[in-house]
Amino acid sequence: MDTGTYGYPKQGVKKIDPFYDVPEGVDIRGRYDEEFAKILTKDALKFVAELQREFRSHIRYALECRKEAKRRYNEGALPGFDPATRYIREGEWVCAPVPPAVADRKVEITGPVERKMVINALNSGAKVFMADFEDALSPSWENLMRGQVNLKDAVAGTITFNDKARNKVYKLNDQTAKLFVRPRGWHLPEAHIFIDGEPATGCLVDFGLYFYHNHAPFRQTQGAGFGPFFYLPKMEHSREAKIWNNVFERAEKMAGIERGSIRATVLIETLPAVFQMNEILYELRDHSVGLNCGRWDYIFSYVKTFQAHPDRLLPDRVLVGMTQHFMKSYSDLLIRTCHRRGVHAMGGMAAQIPIRDDPAANEAALELVRKDKLRDVKAGHDGTWAAHPGLIPACVEVFNNNMGNAPNQIKDAKRDDAASITEEDLLQIPRGVRTMDGLRLNTRVGIQYVAAWLTGSGSVPLYNLMEDAATAEISRVQNWQWIKYGVELDGDGLGVRVSKELFSRVVEEEMARIESEVGKDKFKKGMYKEACKIFKRQCTAPTLDDFLTLDAYNYIVIQHPKGPAKL
Ligand SMILES: CC(=O)SCCNC(=O)CCNC(=O)[C@H](O)C(C)(C)COP(=O)(O)OP(=O)(O)OC[C@H]1O[C@@H](n2cnc3c(N)ncnc32)[C@H](O)[C@@H]1OP(=O)(O)O
Ligand SMILES: O=CC(=O)O
Ligand SMILES: [Mg+2]
């Protein structure tokens, strides 16, 4: 059969799934399911299609601009503040007042939109739950659609989960966290929904379906008249924030709700975006509820932005933390920018998670989390992220001890001292050594993460740390950078240089180690070999792939009833 993008039949070939009732120009190519059909209603799809039609050329343009910026950085330019928008940075303006329902966001839990986790997160004692269609989710059709079903039930307050193996029924407590939803980034297509013959934009599907079904109950039960609330990932420029602002206005108009009802926190998690924080807030000023330090993608973006700058190589991944000068400068400037504009400056994620069966190691992990949160709150952040319910009490304690009853520090931690932070501060090369252990760990983590992602898990515990798409990206691009520039592993004192041959040997040895760690049976049944192939290709590619998940996505697209698109 003649196939097009993602292995689908080209236009004009017989439609695959006759069951979903779709509006003109919309073609659903994912599996039919009665539950999914309650999300994929004709009217909801009509709304998504309208968003796609209105904004597709703007999105295409924004993605072209990313390519153009990449070309400039690859020719030696450095990202920096834009002289053309100095008036925005220097002007005195503030964002719309923070909605009372989310004035206090001291601790936010994050997690994929998986049913049991949604309930656990909402019950966790955190102020906010960021339900993730992004870094923590492998965007298979099943995960995405089930995620929408789960969120609809959560907003309705009716979500339950029956764990038969444990004979335990999960349901919501009386008091729950406020829900924020993170759609995918602009770059990811949704290959199971075609609009006018092209895959839909993933984030418009995530946003559009969630908004359509939930805006009314959400505003009633959660937002006290505001909402729904969102987190927006991976933007590189304020023109991308402007698209989101227009999407929000379009959605508000469709719903007949007041302009400024929808609110969003933007993750500053790309290096170019740190120079655009005022501009991003300005574009979203009627819809903003702050910025967040997405530290893991930010580190990934540092490598990506400087992929053609061999003078800016990273040390071992474990050494690139928030105390590196460029990371501290980013967090400090984010706090100053947000507080000057009257909105939350949110801290990011510590990667440690509870360690069962080892109290001493568990206490050490908790202590690292406490230290990270103490740094966040003392710097002036209004809240922070936690990866696991077991971390919430420690994070809450640190924030309460340092902020008392105040809901946030927007007025109290102005951080005017951070006004002097320069481009050089934000770009300073991180210090530290490179080691064979670092190369091995990147490889072991990267392969295992991709294997999990291919089999439906977008966030996993590996070596007692939370790993998701953002942390795995660091492993990938760091390996790529070290191979490309043949770096010396200077921390080992042996003068070994990284090469494709050395990396091949490391991959072989680490695959053997993974097999012995996970066991032969799991190794055989899992997708470790496929993951290894993808990861190895990406680490050794002559030019750096923009995203690990773009290529890997081809492996999880399932054309119903034909089977995997590429395998
Ligand atoms: C870079 C970034 O973008 S950060 C944001 C994106 N990343 C994330 O959101 C990661 C979120 N965290 C997680 O996914 C998980 O905590 C993991 C994968 C790291 C670890 O998961 P597990 O190994 O299953 O944890 P563990 O077995 O200790 O879980 C214990 C319980 O806590 C629950 N749990 C763990 N993490 C979460 C969470 N984030 N939200 C809700 N519930 C959770 C589990 O469901 C389990 O519940 P149960 O006892 O009722 O069965
Ligand atoms: O999304 C968060 C990050 O750290 O990346
Ligand atoms: Mg991220």
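The values are calculated or read from the model by the stated rules, or taken from the named source; none is laboratory data. This is a predicted model, so every value here is computed, not measured. No Cβ is skipped: glycine too gets one built from the backbone with ideal geometry, and neighbour counts run over all protein chains shown. Note: areas computed on protein heavy atoms with side chains; ligands, DNA, RNA excluded. Shrake-Rupley method; radii C 1.70, N 1.55, O 1.52, S 1.80 Å.
Assorted remarks:
- The range 49-73 versus the range 453-498: alpha-carbon centroid distance in Å: 29
- The range 42-427 shape via C-alpha gyration tensor axes, a/c threshold 1.5: rounded
- For the range 74-143, the relative contact order comes to 26 percent (Cα pairs under 8 Å, sequence separation of at least 6).
- Where chymotrypsin sites (Phe, Trp or Tyr not before Pro) fall in DSSP loop in the range 407-487, at most 13 other Cβ within 10 Å: TYR463
- Extension gain, THR455 to LYS411: 0.36 nm times the residue separation minus the Cα-Cα distance gives 11.3 nm.
- Taking Cα centre as origin and charging only the Cβ of basic (Lys, Arg, +1) and acidic (Asp, Glu, -1) residues, the dipole magnitude of the range 436-554 rounds to 420 debye.
- Taking a Cβ cut-off of under 11 Å around PHE275, the surrounding Lys, Arg, Asp and Glu residues balance to a net charge of -3, with basic ones at +1 and acidic ones at -1.
- With the helix formula -39500 (n - 2.57) applied to DSSP H stretches of n ≥ 4, the chain reaches a computed 222 nm mean residue ellipticity of -15000 deg cm²/dmol.
- Backbone HN-Hα couplings from phi across the range 85-97 [Karplus 6.51/-1.76/1.60, Hz, Gly and Pro as x]: 10, 4, 4, 6, 5, 8, x, 9, 8, 10, 7, 4, x
- Accessible surface calculations at 1.4 Å, restricted to protein heavy atoms, place the range 404-468 at 45 Å² per residue.
- Stretchable slack from ASP163 to ASP551, in nm (0.36 nm times residue separation minus alpha-carbon distance): 136.3 nm
- Ranked by how many other beta carbons lie within 10 Å on average, peptides 163-176, 56-69, 242-255 from highest: 242-255, 56-69, 163-176
- Net +/- balance of residues flanking PRO97 in space, Cβ distance below 13 Å, scoring K and R +1, D and E -1: +3
- Spacing of the two label points (7 Å from each Cα toward its C-beta) at ALA156 and ARG431, in nm: 5.7
- The range 220-267 versus the range 33-48: alpha-carbon centroid distance in Å: 21
- Positive contributions from Lys and Arg (+1) and negative ones from Asp and Glu (-1), summed over other residues with Cβ under 12 Å from the Cβ of ALA541, come out at +2.
- Using the average count of surrounding beta-carbon atoms within 10 Å as a protection proxy, the listed peptides 402-412, 511-521 rank, highest first, as 402-412, 511-521.
- Cα gyration tensor shape of the range 17-173, rounded if a/c is under 1.5, else prolate or oblate by comparing a/b with b/c: oblate
- Take every Cα pair under 8 Å whose residues are at least 6 apart in sequence, average their separation, divide by the length of the range 130-190, and the relative contact order is 46 percent.
- For the pair CYS65 and LYS520, the difference between a 0.36 nm per residue extended length and the Cα-Cα distance amounts to 159.1 nm.
- Estimated FRET transfer efficiency (ASP21, GLU258; beta-carbon r; R0 30 Å; 0.05): 0.45
- The residue list ALA255, THR265, ILE421 was ranked by how far each Cα lies along the charge dipole of the chain toward its positive end, using unit charges on Cβ atoms, and ALA255 comes out on top.
- One Cα centroid belongs to the range 125-203, the other to the range 278-301; the line between them spans 22 Å.
- Overall, the anisotropy analysis places the range 373-445 in the oblate class: the square-rooted eigenvalues a ≥ b ≥ c of its C-alpha gyration tensor yield a/c not less than 1.5, with a/b not exceeding b/c.
- Think of the chain as having a plus end and a minus end, set by charges on the Cβ of Lys, Arg, Asp and Glu; of GLN52, ASN292, PRO99, GLN52 sits farthest toward the positive end of this dipole.
- Distance (nanometres) between label positions extended 7 Å along Cα→Cβ at ARG53 and ALA77: 3.6
- Each peptide in 389-401, 140-152 was scored by the mean count of other Cβ atoms within 10 Å over its residues; highest first, the order is 140-152, 389-401.
- 3J(HN,Hα) couplings calculated from phi for the range 292-302 with the Karplus curve 6.51 cos²θ - 1.76 cosθ + 1.60 (θ = phi - 60°) are, in sequence order, 9, 7, x, 5, 6, 5, 5, 5, 4, 5, 4 Hz; Gly and Pro show x.
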